[in-house]
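What follows is one structure encoded as structure tokens, with my remarks underneath.
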Amino acid sequence: MATNYSQKIKTNIEKLGYETTQAIYECINKCCAKKITNYNPSFDILYNRGNISCSTDTYDEFIRDAYGIEIEVISIRINDYKTDISFNIGYYISTDTTHVKSGVEISINSKNINNISTIVPEIEKELLVMNKQSTDKQKEGTVQLPSIQVNVGGDLHMAGSAIGTQNSTSTSTVKKDETSSKSSWWTPVWQSITSNIIWWIIGISGTVVAILYEILK
């Protein structure tokens, strides 16, 4: 009787849904295609759509039927009979003296120990990369972006900042000080008028002095 081998990988994924199913399926296929020649698996999934239970044996059909729908995945099975390796994806529950923890678990099974020893490290490595990418995206969604300042026609000043996961933009418009603006416009005008008056007075005074000098000679 042949020996069966299995190993379990506990992930930090809390719930199996549409996107997590995609991610796990692609992760497993990527790792197996890299290490196993002629890897060609079958796919089975059991999930709930509200009160309706659904089972699908084709990955492409699942992607099409479940797209845009709130679903609850119960279990997934990926199996390649030719290369003798299978994956059962479901939930685990672990307890200790302080709390109960649950999450998604991947169980790898094969009669070939080389399959287990080769594929498990690859999947663990790929899951670490996926987790880092997910963490980085979450961090990017909460980073405060630089403030945006735009000058419009010299009359208005717009100051805005984009913050948060939705990249929503808050924009405020502030009028310049009208008194200061008017004052700065009239200053050169008054200076010109005052200068002209002074020169006009000097000109008249000179003319009067010249006339008086001729009279008194």
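Apply the Karplus parameterisation 6.51 cos²θ - 1.76 cosθ + 1.60, with θ equal to phi minus 60°, to every residue of the range 101-114 and state each ³J(HN,Hα) to the nearest whole Hz, in sequence, with x for glycine and proline.
Using θ = phi - 60°, the values come out as 10, 9, x, 8, 10, 10, 10, 9, 10, 6, 8, 9, 4, 5 Hz.
Rounded to whole Å, give me the distance from the Cα center of the range 61-79 to that of the range 8-28.
The two parts, judged by their Cα centres, are 12 Å apart.
Residue by residue, what Karplus-based ³J(HN,Hα) values in Hz, rounded to whole numbers, does the range 55-69 have, using 6.51, -1.76 and 1.60 with θ = phi - 60° and x for Gly and Pro?
With the stated coefficients, the range 55-69 comes to 10, 9, 10, 9, 4, 4, 5, 4, 4, 6, 6, 9, 4, x, 10 Hz.
Compute the Cα gyration tensor for the range 1-110, then decide on rounded, prolate or oblate, letting a ≥ b ≥ c be the square roots of its eigenvalues: rounded whenever a/c is under 1.5, prolate when a/b is larger than b/c in the other cases, and oblate in all that remain.
The shape class here is oblate.
How far apart, in nm, are two points set 7 Å out from the Cα along the Cα-to-Cβ line at Y92 and at E124?
1.1
Whole-Hz Karplus ³J(HN,Hα) for the range 78-88, in order, using 6.51 cos²θ - 1.76 cosθ + 1.60 and θ = phi - 60°, x for Gly and Pro?
Computed from phi, the couplings for the range 78-88 are 10, 9, 10, 5, 5, 9, 6, 8, 9, 10, 10 Hz.
Hey, got a sec? Which trypsin sites (Lys or Arg not before Pro) in the range 48-125 land in a DSSP loop and have at most 16 other Cβ atoms within 10 Å? Before the final figure, lay out the partial values.
Numbers: sites: R49, R64, R77, K82, K101, K111, K125; in loops: K82, K111.
Answer in residue order: K82, K111.
Could you sort out which of K8/K35; K15/K111; K10/K125; K111/K132; K8/K30 sit more than 23 Å apart by Cα distance in this structure?
K15/K111; K111/K132
For the range 1-133, what is the charge dipole size about the Cα centre, in debye to the nearest 20, if Lys and Arg each add +1 at the Cβ and Asp and Glu each add -1 at the Cβ? Before the final figure, lay out the partial values.
On the way: 14 positive and 17 negative charges, 85 e Å.
Dipole size: approximately 420 debye.
Long-range amide H contacts for G103: which residues qualify at under 5 Å (H placed 1.01 Å from N, peptide plane, sequence gap of 5 or more or a different chain)?
Answer set, sorted by chain and number: Y92.
Which percent of the accessible area of the range 1-143 is formed by carbon and sulfur heavy atoms (probe 1.4 angstrom)?
Summing carbon and sulfur atoms, their accessible area is 47 percent of the total for the range 1-143.
The values are calculated or read from the model by the stated rules, or taken from the named source; none is laboratory data. What you are looking at is a predicted structure, and each value in this text was computed from that prediction instead of being measured. So basically every Cβ, Gly included, is an ideal-geometry build from the backbone, and we count neighbours across all protein chains shown. Accessible surface areas use protein heavy atoms only, side chains included; no ligands, DNA or RNA. Shrake-Rupley method; radii C 1.70, N 1.55, O 1.52, S 1.80 Å.
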